[in-house]
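Please read the structure below before turning to the comments.
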């Protein structure tokens, strides 16, 4: 069985400062890992995806995430926050290599607040 | 998100009524996943369908919920005799290039049960 734990339900930063959103996962197979962002009352947008090609994954809008197998972590970072980054972020795992047909398991979400 | 359409975007029902949620995947795609987002929670998988087939319904509540994806037309998520606990955002997703687990999400249908 697969699971995802987002370690912070809320993160607050000042504009221009770094962002760190933490995620730990549990998976029986080699996982695919994702970060999605959801702006208020909107759908979900894919930020980035890890398969197995490289442990450091670059996504859209300056975000990146590092896969650390020894720590079972996939933390999302950005060097400098913008006001437009304020949203809810979801860490997601998929075991497409197993029998789950691409079924995604979502973390509980981290709400990012950016102060001027 | 381009190409996955859901309607209605907002749906209000009274307890005991039926709710029908529609999802049209990206053009030419025949796979649809449905997810539910309860208040203050992440999304949870409900069902995975291909045209005319239910592949995995392990996340569907045992009663009152059903889903279909006919040969023609959108996928339908149907909730009979709605209760207040059904109030949630319902999202559908369509796989994109890169594999079945890389999914485009629709804008969602927000169901409110009065």
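Taking the centroid of alpha carbons for each part, the range A:18-86 and the range B:55-114 are 25 Å apart.
Derived value for chain A: Kirkwood hydrodynamic radius 14.2 Å. Basis is the mean of 1/r over every pair of different alpha-carbon atoms.
Of the residues B:38, A:56, A:48, the one with the fewest other Cβ atoms within 10 Å heads the list, and the complete ranking is A:56, B:38, A:48. Note on the protein assembly as shown: Cα-only Rg and Dmax are 17.6, 51 Å. Only Cα sites of chain B enter the Debye sum here, all with the same form factor; the resulting log10 I(q)/I(0) across q = 0.14, 0.20 1/Å is -0.51, -1.05, listed in q order.
How crowded by other chains is B:42-49, given as the mean number of beta carbons from other chains within 10 Å of each beta carbon? That works out to 5 on average. Mean sequence separation of contacting Cα pairs (under 8 Å, at least six apart), scaled by the length of chain B, corresponds to a relative contact order of 37 percent.
For chain A, the relative contact order is 37 percent, taking Cα pairs closer than 8 Å that sit 6 or more residues apart in sequence and dividing their mean separation by the residue count.
Listed by Cβ neighbour count within 10 Å, with the fewest neighbours leading, A:32, A:14 appear as A:14, A:32.
Among B:36, B:64, B:22, the residue with the largest mean-square fluctuation in a Gaussian network model of chain B, with springs joining Cα atoms closer than 10 Å, is B:64. From least to most packed, judged by other beta carbons within 10 angstrom and beginning with the fewest, B:31, A:10, A:82 follow the order A:10, A:82, B:31.
DSSP bridge analysis restricted to chain B gives an antiparallel fraction near 90%, rounded to the nearest 5. Working note: Debye formula, equal point scatterers on the alpha-carbon atoms of the range B:1-68, no solvent; log10 I(q)/I(0) at q = 0.22, 0.25, 0.28 Å⁻¹ is -1.21, -1.41, -1.46.
Coordinate-derived values only; no laboratory data. Here the structure is a predicted model, which is why all the values come from computation and not from measurement. So basically every Cβ, Gly included, is an ideal-geometry build from the backbone, and we count neighbours across all protein chains shown.
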